[in-house]
Each structure stands twice: as C-alpha cells, then as structure tokens.
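Structure in structure tokens, see below.
The values are calculated or read from the model by the stated rules, or taken from the named source; none is laboratory data. Keep in mind the model is a prediction, meaning the values are calculated, not measured. Reconstructed Cβ throughout: ideal geometry from the backbone, glycine too, with neighbour counts over all protein chains shown.
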Amino acid sequence: MSKRAGLHPNANSKTKSNISPLAKVQGLPLLLPGEDDDAYHEFFSRVRTAVNPVDIIDEMFVADVVSLEWEVLRWRRLKSNLMQTRGLEALGQFLRAHLDYYVHYQKYFEQDLAEILQDNLAEGQTEIDAQALAHKCARDEPDADDKVNQILAGINLDMDDILEPARARKAEELAHDYAQRKLGAIKLIDKLLAEAGLSIDTLMVRALPGELDKIERIDRLITVAETRRNAMLREIDRRHAVLSEALRRQVQEVEGEFEVVEKTPAATKSAA
Amino acid sequence: MTGDRKIRANRANAQASTGPKTERGRSHAARNALRHALSRPVYSDPVWSEEVEALAREIIGAGTNAEIQELARRIAEAQIDLRRVRYARHQILSQALSDPDYVSETMLGKKAALAIRILRRSDLDTPMPDEVMEFLSSKPEGPNKFATILADKARQLLALDRYERRAQSRRKFAIRAFDAAGRR
C-alpha cells in the first residue's frame with residue numbers, strides 16, 4: 001500500500017451504495033487495539049436513535065458525540081486501571097513485607113521446593129521421597145534442612161531463592177483476589193493492614209505520587225473530550241431549536257394555506 | 001512609531017535569522033510539513049477533494065443556490081480536515097500500542113546510561129547484576145504502557161489537538177452560516 005493510501009481511513013471501507021451514516025461522515029470508527037467494534041456500533045445506534053438526526057449535519061454531530069463520549073470512557077477506564085494497577089503493586093509490596101511464613105506461605109514454599117527436589121533427585125530417591133523431604137524442610141525439621149541445603153548448594157541455590165518467590169507468589173495472589181473482592185482475601189488483608197496501622201487508602205496515597213503526572217495528563221484528556229462532547233450537544237440543541245422554529249414556521253404556513261383551502265368551499269356553500 | 005535605528009536593527013536581526021544552518025537541521029525542517037501533511041489544504045489531494053465534494057453534495061441536497069453550495073463545501077472541507085486530524089492521532093496511538101516492544105525514548109536513554117556506567121566500572125567478563133538485567137529488559141505493560149505512550153507523544157498530540165480545535169471551529173461557524181442562509 002502506498003503512503004498516500006494510508007492517509008485515507010476510508011480507502012478500504014464499504015462501497016458508497018451501502019455506506020452507513022457513521023461511515024459517511026466519520027469514516028471507519030477509530031478504535032484502538034483491544035476496543036470492541038460491536039460495542040461502539042451499538043453505542044452509536046443508541047445515541048443516533050435518541051438524537052434522531054434530521055440531516056447529514058446532525059449525523060456529523062452524532063458521530064462526534066459518540067466518538068468523544070467513547071474517548072471519555074477510554075480515558076476514564078485508563079485512569080482507573082492505572083490507579084488500580086499501581087494500588088495492587090503497592091499492596092503486593094506491603095504483603096511481601098508483612099506475610100508470615102508459618103501462617104501464610106509455608107505451603108507455597110513446600111510446593112516450590114518439592115518441584116526443585118523432584119527435578120534434582122539423588123540416586124535411589126523417588127518423587128514421593130522428594131515431597132516428604134520438602135514437607136519436613138517446610139516444617140523446619142533440622143535434618144531435613146541440612147539435606148535440602150546440601151542439594152540446593154549443588155545447584156547453586158539457597159533456601160532464600162525459594163522462600164522469596166514463594167512469598168511474592170502468595171502476595172500477588174492475595175492482591176489479585178483482593179481486587180476481585182474475594183471475601184477471604186479482603187478479611188486477611190484488612191487484618192494485616194490494621195495490624196500495621198494502615199488502610200488501603202493510605203497505601204494508595206503512598207503509591208500514587210509517582211503516577212500523578214500520568215493521571216493529570218489523563219484528566220486533561222478527559223476534560224478536553226467532555227468539553228468537546230458538550231459543545232457538540234449544544235450545537236445539536238441549537239440546530240434542533242432552529243430547525244423546530246423553521247418547522248413551526250412551515251407548519252404555520254401550511255396551516256395558513258389549509259385555512260385558505262377550507263374557506264373556499266365554505267364560502268362557496270354560503271354563497272350558494 | 002518605530003524609529004530608524006530600531007528598523008535597521010530589526011532588519012539586521014532578520015538577515016541573521018535564516019533558519020536552520022546545519023545540513024541535519026535543514027533536512028529536519030524540510031520534513032516538518034510532511035510529517036502528517038495536515039497543513040496542506042484538502043484540495044491538494046485528489047482523494048480528499050473527492051470526499052469533500054461528495055460530502056458537500058450530501059449536505060446541499062437538491063436545488064440550492066450558489067451561496068448554499070459554497071457554505072456546504074466549507075462544512076465538508078472542515079469535516080474532512082477533522083477526519084484527517086483524528087486519523088493522524090489514531091495512527092500515532094495505535095502504532096505505539098500495537099508495538100509489543102514499545103519502550104519510551106526517555107527510558108531507553110536511562111537504560112543506555114546505566115549500561116554504560118556499569119560496563120565502565122566492571123570488565124566485560126563480569127555478568128551484570130540481576131536487578132540491572134531486569135531493569136534493562138523491562139518494558140511498560142497494560143495501562144502503564146498506554147500512559148507512557150501518552151506522555152511520550154504529548155507534544156505530537158498537542159499539535160494535532162490544535163489542528164482539531166481549528167477544524168472544529170471552522171466547521172461550527174460554517175454550519176451556523178449554512179443554517180442561517182437556509183432560513184433566509
């Protein structure tokens with residue numbers, strides 16, 4: 001495709017005969033990767049039905065209102081996702097620092113260790129032996145700890161190399177469950193936060209300063225899109241007022257003509 | 001009134017301001033207007049001008065005078081300009097979002113500076129620390145990627161925003177004039 005052709009969003013669109021009102025005034029909807037084409041068209045149809053455009057200029061305004069409202073939603077969603085992601089990262093960091101091994105992630109450590117031991121079985125050992133050793137080591141049995149340390153040293157690892165990822169995995173899972181409003185995760189995290197003298201809001205407040213520039217930029221985009229959308233709505237109102245005034249005048253004229261039509265036979269009758 | 005001395009000084013300054021002087025500067029400036037071609041009128045492109053005419057015909061409807069035709073053409077021109085601007089902005093965002101390895105130029109600079117600093121301090125056989133490797137291979141994802149793109153492209157987007165505002169204003173006044181002419 002030539003560079004010139006790339007400049008025309010309608011270059012590959014439908015033929016003129018079956019072109020939609022949206023395509024006629026706006027070209028193809030300018031959606032970003034991951035956005036739902038069907039949802040956009042459904043939204044367009046709903047607004048169009050509500051506004052009931054009277055001509056192609058109204059169609060332009062409707063297309064603009066839909067496109068701008070879509071932008072408002074896009075930026076709001078981005079802002080909320082950005083804040084949620086940053087909040088979850090902060091929560092994950094908090095959990096990594098406050099999770100207790102015996103209460104919260106002993107099982108995760110045991111699972112990870114068992115996998116590593118199974119991949120590095122000594123002669124005559126079975127997978128069940130490896131699991132049993134991991135279980136004993138996870139419960140801090142000294143003999144098992146020594147054996148595990150020996151095996152791990154043989155593959156250039158130590159206990160912390162398994163503990164850290166296990167803790168991080170548990171923290172990430174809990175934060176994820178918290179975001180999905182799972183009751184167990186909410187209860188546990190609220191308890192841990194309270195014990196540390198914090199709340200989820202405090203965590204968010206601490207996490208957001210690094211993102212303020214980005215959030216402010218998104219806020220500005222939201223304001224610009226909202227202002228433009230409102231201006232379009234005002235223009236629709238203004239046109240409809242003008243059109244309804246014109247329509248009223250036309251109706252009056254037609255009514256006037258109708259009176260004349262009515263009067264003539266009546267006059268004829270009375271004359272008769 | 002401007003004095004002779006001031007006029008002479010202004011002329012001398014103007015003679016000195018002859019734009020970019022280096023080869024690189026001149027070639028960069030020569031491409032300024034071509035970057036998105038939005039400063040070119042729609043009629044300079046046959047495809048766009050055809051679109052303008054088609055849209056103007058839709059706006060006019062049947063049987064109208066020359067004034068209405070001219071006003072309809074102005075609306076159509078502004079509308080097609082709006083489409084061009086929006087398409088240019090869409091291209092900037094969607095290309096960056098579709099790039100799976102997108103890294104901002106600022107971040108690339110930081111990574112390069114860190115790598116050079118570490119390489120200067122250690123010999124080539126020493127592997128880089130894990131945290132450094134993690135930072136060097138990191139790239140923004142999800143909402144963070146989108147927000148980073150918005151920050152990186154802020155200047156371009158702002159320039160397009162000015163084009164959009166102007167086109168929107170031209171269209172608004174053209175529509176008002178068209179409606180007023182239609183009422184007469």
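Given the options A:Ile236, A:Ile218, name the one that is assigned to a helix (DSSP H, G or I), surrounded by 10 or more Cβ atoms within 10 Å (Cβ to Cβ) and at pLDDT 90 or above. Please lay out each step first, then the result.
On the way: A:Ile236 fails: at pLDDT 90 or above.
When all the criteria are applied, what remains is A:Ile218.
If you scan region A:184-214, which residues turn out to be charged (D, E, K, R) and within 14 Å of another protein chain (Cβ to nearest Cβ)?
Just the residues of region A:184-214 that are charged (D, E, K, R), to begin with: A:187, A:190-191, A:195, A:201, A:206, A:211, A:213-214.
Result: A:Glu211, A:Asp213, A:Lys214.
Taking the condition of being touching a residue at least 40 places away in the same chain (Cβ under 8 Å) and within 9 Å of chain A (Cβ to nearest Cβ), how many residues in region B:73-115 meet it?
Adding up the residues that qualify gives 9.
Just to verify a result, which residue in region B:160-181, among those that are at pLDDT below 90 and surrounded by 15 or more Cβ atoms within 10 Å (Cβ to Cβ), is nearest to the other protein chains (Cβ to nearest Cβ)? Before you say what the answer is, go through the steps one by one.
Looking only at region B:160-181, we keep the residues that are at pLDDT below 90, and these are B:179-181.
Restricting the remaining residues to those that are surrounded by 15 or more Cβ atoms within 10 Å (Cβ to Cβ) gives B:179, B:181.
Details: B:Asp179: 5, B:Ala181: 12 Å.
Applying the filter and picking the extreme gives B:Asp179.
Quick check: is even one residue across region B:124-133 in contact (Cβ under 8 Å) with a residue 24 or more places away in the chain and within 13 Å of chain A (Cβ to nearest Cβ)? Working first, answer last.
If we filter region B:124-133 for residues that are in contact (Cβ under 8 Å) with a residue 24 or more places away in the chain, which is where we start, we get none.
Within region B:124-133, none of the residues are in contact (Cβ under 8 Å) with a residue 24 or more places away in the chain and within 13 Å of chain A (Cβ to nearest Cβ).
What are the residue pairs meeting all of these: first residue in region B:44-64, first residue touching a residue at least 60 places away in the same chain (Cβ under 8 Å), second residue buried (at least 16 other Cβ atoms within 10 Å of the Cβ) and not small (Gly, Ala, Ser), Cβ atoms under 6 Å, and 6 or more apart or on different chains?
B:Ile59/A:Ile56; B:Ile59/B:Ile75
Yes or no: A:Ser67 in contact (Cβ under 8 Å) with a residue 40 or more places away in the chain, within 13 Å of chain B (Cβ to nearest Cβ), among the small types (Gly, Ala, Ser) and in a helix (DSSP H, G or I)? Walk me through it before giving the result.
Working: in contact (Cβ under 8 Å) with a residue 40 or more places away in the chain: yes; within 13 Å of chain B (Cβ to nearest Cβ): yes; among the small types (Gly, Ala, Ser): yes; in a helix (DSSP H, G or I): yes.
Yes.
List the pairs whose first member sits in region A:77-89 and is over 24 Å from A:Lys170 (Cβ atoms), whose second member is basic (Lys, Arg) and surrounded by 15 or more Cβ atoms within 10 Å (Cβ to Cβ), and whose Cβ atoms are under 9 Å apart, counting only residues at least 6 apart or on separate chains?
Filtered contacts from region A:77-89: A:Lys79/A:Lys214; A:Leu82/A:Lys214.
Considering only region A:221-233, how many residues are without any contact (Cβ under 8 Å) to a residue 12 or more places away in the chain and either loosely packed, with under 12 Cβ neighbours inside 10 Å or in contact with a helix residue (DSSP H, G or I) (Cβ under 6 Å, 6 or more places away or on another chain) (or both)? Steps first, answer last, please.
Step one: list which residues in region A:221-233 are without any contact (Cβ under 8 Å) to a residue 12 or more places away in the chain, which gives A:223-224, A:227, A:230-231.
Subsequent filtering for residues that are either loosely packed, with under 12 Cβ neighbours inside 10 Å or in contact with a helix residue (DSSP H, G or I) (Cβ under 6 Å, 6 or more places away or on another chain) (or both) retains A:227.
The number of residues fulfilling the criteria is 1.
A quick yes/no check of all residues on (1) modelled with pLDDT under 85; (2) under 24 Å from A:Gly210 (Cα atoms):
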position: B:Ala78; (1), (2): no, no
position: B:Arg84; (1), (2): no, no
position: B:Ile92; (1), (2): no, no
position: B:Leu97; (1), (2): no, yes
position: B:Glu131; (1), (2): yes, yes
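When you scan region A:107-198 for helices (runs of 4 or more DSSP H) that lie fully inside it, which ones turn up with 3 or more residues that are touching a residue at least 12 places away in the same chain (Cβ under 8 Å) and under 18 Å from A:Glu89 (Cβ atoms)? Break it down stepwise before answering.
Working: elements: A:127-138, A:142-154, A:159-179, A:183-195.
It comes to A:159-179, A:183-195.
Can you tell me how many residues within region A:36-48 are more than 20 Å from A:Arg234 (Cβ to Cβ) and either in a loop (DSSP other than H, G, I, E, B) or β-branched (Val, Ile, Thr) (or both)?
Result for region A:36-48: 1.
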